[in-house]
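What follows is a single structure, written as structure tokens, with notes after it.
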Amino acid sequence: MNWNKIFALCLRHVYLIKGSFPRILDLIYWPTIQIFLWGFISKFFTLTSSYYENTVGIILSAAILYDFLFRSSISYNMMFLEEIWSRNFTNLFIAPIKISEIITALTITAIFRTLIGLLPAALIAIPLFGVSIFKLGIPLIFLMISLYIFGVTLGLLVTAGLLRYGPSFENIAWASLFFLAPLGCIYYPIEILPDFLQGLAKLLPLVHIFEELRNILINNTVNFNTIVISITISIIYFIFGVVIFYLAYFGAKKRGTLINIGE
Amino acid sequence: MKLEVINISKKFNNIFAVKDISFTIDKNKTMGLLGPNGCGKTTSIGMMLGLISPSSGKIIIDNKELNSKNRIELLGSINFASPYIELPKKLTVFQNLNVYAKLYGVKNASQRIDEMIENLNLKDFVYKKNGELSSGQKNRVSLAKSLINKPKLLFLDEPTASLDPDVGDYVRTFLENYKSQNELTILLASHNMAEVERLCDNIVMMKKGKIIDRGSCKALIEKHGRKNLEDTFLKLARNKDELE
């Protein structure tokens with residue numbers, strides 16, 4: 001791996017973000033809107049639901065972390081789509097860059113794009129609703145690592161789809177996370193799901209991440225075992241995502257779609 | 001760099017897009033790749049750039065067979081320009097050249113970018129976004145990107161398509177001058193026959209995925225008893241019989 005090339009790929013997106021105020025605003029706007037929305041919803045639940053009694057901020061914290069997952073995945077897809085939309089795709093793939101360098105650059109840049117959007121939203125939630133995800137302490141870092149790996153994995157799978165099916169796969173890019181949200185048990189415990197779906201849900205890292213989030217906030221204890229399980233599952237999915245991406249790349253070379261993907 | 005294409009074919013859904021083509025471009029020579037739309041030129045270039053896997057055959061660049069193991073190494077000395085691909089519209093000319101200089105691992109990148117700005121006369125719009133440029137300006141920037149790594153092998157796909165005669169002539173003159181001062185082998189796909197006559201040492205004519213004739217421009221014109229390359233192209237493109 002050549003870190004200069006990875007830096008160059010990241011630089012391309014830094015230039016893009018730096019040069020466009022609306023783009024920065026767009027990154028910040030949606031997470032902030034989410035915080036407002038879920039802030040009010042969670043306030044309502046705290047006042048009326050016995051489950052969430054005295055646990056202000058559970059839903060809002062879950063919303064912030066879910067948005068972190070959503071942003072990391074969408075950021076990944078967006079950077080890939082930007083290359084297709086700008087018809088730069090062929091230039092990129094004839095440059096002497098390894099696929100692993102492209103994946104690394106997208107992964108690194110996605111975290112910056114995600115944090116640009118999320119940090120202001122997370123900070124706004126503190127004075128506005130008295131909710132700080134930073135109260136989760138050190139476990140927050142591990143929960144975010146797990147979410148980020150899974151978000152990037154979803155990004156990898158969608159970009160693999162873009163390589164395989166072309167820009168028409170774009171709609172799946174936007175919808176991908178909504179498919180998983182109900183199974184992820186983001187705002188409710190896993191017991192809410194029907195029995196036959198619970199087994200399936202446990203195969204996703206999201207269930208473990210958000211169960212642990214609630215455990216920390218409600219019981220004030222940390223179960224590192226759950227965090228390790230979530231990170232392990234995320235890494236397994238990530239490896240799967242990388243393999244699928246490589247297969248899509250070699251498939252695209254075979255089908256000849258790399259040369260005219262933007263057309 | 002010497003480019004040897006040996007019996008390459010490409011099938012899509014069991015239909016040949018390119019069938020068993022072979023040719024060689026010697027070091028520092030320019031070869032024209034001609035043929036009607038859909039004859040397989042872009043697919044052939046895609047295979048030579050390693051973007052498309054051939055169904056069969058070999059591509060040898062400087063005595064090394066292009067494969068997934070050495071593709072990255074070989075691509076460092078190759079580049080490509082086409083009006084059908086673009087650089088990111090939201091980045092300035094300088095930012096685009098800077099990104100590509102780094103991607104190609106260009107040593108003394110700033111010096112090379114300055115050379116390209118000077119040689120291709122990009123100074124007036126170097127800090128403008130690529131999307132704000134005219135076709136002629138974009139074309140020059142695209143050419144600058146394709147030469148940023150001082151390639152030894154350059155693929156040009158209709159480099160002057162959609163340019164006015166003045167800018168088209170500027171690009172052709174630039175390429176002639178650049179080639180006289182640098183070691184560079186060129187494969188030029190073009191529909192502009194005057195351009196091909198001016199720039200190419202040899203040409204290969206394709207039709208329906210196959211090579212139907214080849215030779216120097218002069219030899220082909222004489223062989224087919226036509227006045228110029230345009231008439232020769234028309235004769236070959238419209239002829240139902242395949243010559244080779």
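Please treat every number below as a calculation from the coordinates, not as lab data. A quick note: this is a predicted structure, and the numbers were derived from the prediction, not measured. Virtual Cβ from ideal backbone geometry, glycine too; neighbours counted across all protein chains shown.
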Length-normalised contact order of the range B:53-127 in % [C-alpha pairs under 8 Å, at least 6 apart]
21
If the elastic network links every pair of Cα atoms under 10 Å, which of A:Gly251, A:Gly57, A:Gly155 fluctuates the most in the Gaussian network model of chain A?
A:Gly251
For B:Asp213, what residues show an amide H to amide H distance below 5 Å, using hydrogens built from the backbone and excluding near sequence neighbours?
B:Met205
Choose one of B:Asn121, B:Ser135, B:Leu97: the residue whose Cα lies farthest towards the positive end of the charge dipole of the range B:86-150 (beta-carbon charges +1 Lys, Arg; -1 Asp, Glu; about the Cα centre).
B:Leu97
Beta bridge orientation in the protein assembly as shown: antiparallel %, DSSP, nearest 5
55
Bridge orientation stat for chain B from DSSP, antiparallel percent rounded to 5, came to 55
Classified through the alpha carbon gyration tensor (a ≥ b ≥ c as square roots of its eigenvalues; rounded if a/c is under 1.5, else prolate when a/b is larger than b/c, else oblate), the range B:1-88 comes out rounded
Counting Lys +1, Arg +1, Asp -1, Glu -1, what net charge surrounds B:Lys90 among other residues with beta carbon under 9 Å of its beta carbon?
+2
Across peptide A:248-257, what mean number of C-beta atoms from other chains lies inside 10 Å of a residue's C-beta?
4
Here the net charge surrounding A:His13, from other residues whose Cβ is less than 12 Å away from its Cβ (Lys, Arg +1; Asp, Glu -1), is +3
Helix-only [θ]222 nm of chain A, DSSP H runs n ≥ 4, -39500 (n - 2.57) each, per residue, nearest 500
-27000 deg cm²/dmol
Would you work out if the range A:201-263 is rounded, prolate or oblate? Take a ≥ b ≥ c from the square roots of the eigenvalues of the alpha-carbon gyration tensor; rounded if a/c is under 1.5, else prolate when a/b is larger than b/c, oblate otherwise.
prolate
Go through the range A:4-20 residue by residue and turn each phi into a ³J(HN,Hα) via Karplus (6.51, -1.76, 1.60, θ = phi - 60°); whole Hz please, and just put x for glycine and proline.
5, 5, 4, 4, 4, 5, 5, 4, 4, 7, 5, 4, 5, 5, 4, x, 9
Can you classify the range B:97-184 as rounded, prolate or oblate using the Cα gyration tensor, where a ≥ b ≥ c are the square roots of its eigenvalues, rounded means a/c under 1.5, and otherwise it's prolate if a/b beats b/c and oblate if not?
oblate
DSSP beta bridge pairing in the range B:60-197, given as percent antiparallel to the nearest 5
25
Top of B:Arg172, B:Arg198, B:Arg112 by mean-square fluctuation, Gaussian network on chain B, Cα under 10 Å
B:Arg198
Can you compute the charge dipole magnitude of chain A about its Cα centre, using +1 on each Lys and Arg Cβ and -1 on each Asp and Glu Cβ, nothing else charged? Give it in debye, rounded to the nearest 20.
720
Looking only at other chains, what is the average number of their beta-carbon atoms within 10 angstrom of each beta-carbon in B:53-63?
1
Computed about the Cα centre, the charge dipole of the range B:1-64 from +1 Lys/Arg and -1 Asp/Glu charges at the Cβ has a magnitude in debye, to the nearest 20, of 40
With Cα springs under 10 Å, the Gaussian network model of chain A assigns the largest mean-square fluctuation among A:Ile141, A:Ile216, A:Ile190 to A:Ile141
Contact order relative to length for chain A, counting C-alpha pairs under 8 Å separated by 6 or more residues, stands in percent at 25
Within-15-Å neighbourhood charge of A:Met144 [Cβ basis; K, R +1; D, E -1]:
+1
Could you point to the residue in B:Leu154, B:Cys200, B:Leu220 farthest towards the positive end of the range B:149-244's charge dipole, with +1 and -1 charges on the Cβ of Lys/Arg and Asp/Glu respectively?
B:Leu220
Taking B:81-91, B:11-21 and ranking on average Cβ neighbours within 10 Å, highest first, one gets B:81-91, B:11-21
When you look at the Cβ of every residue in B:77-90, what mean number of other chain Cβ atoms sits within 10 Å?
5
Close Lys-Lys pairs in the range B:86-150, where close means Cα under 15 Å and separation is 8 or more or interchain:
16
Among A:Asn91, A:Thr114, B:Ser55, flag the residue with its Cα farthest along the positive direction of the charge dipole of the protein assembly as shown, charges on Cβ as +1 for Lys/Arg and -1 for Asp/Glu.
B:Ser55
Sequence gap at least 6, Cα distance under 8 Å: using those rules, report the relative contact order of the range B:86-150 to the nearest whole percent.
48
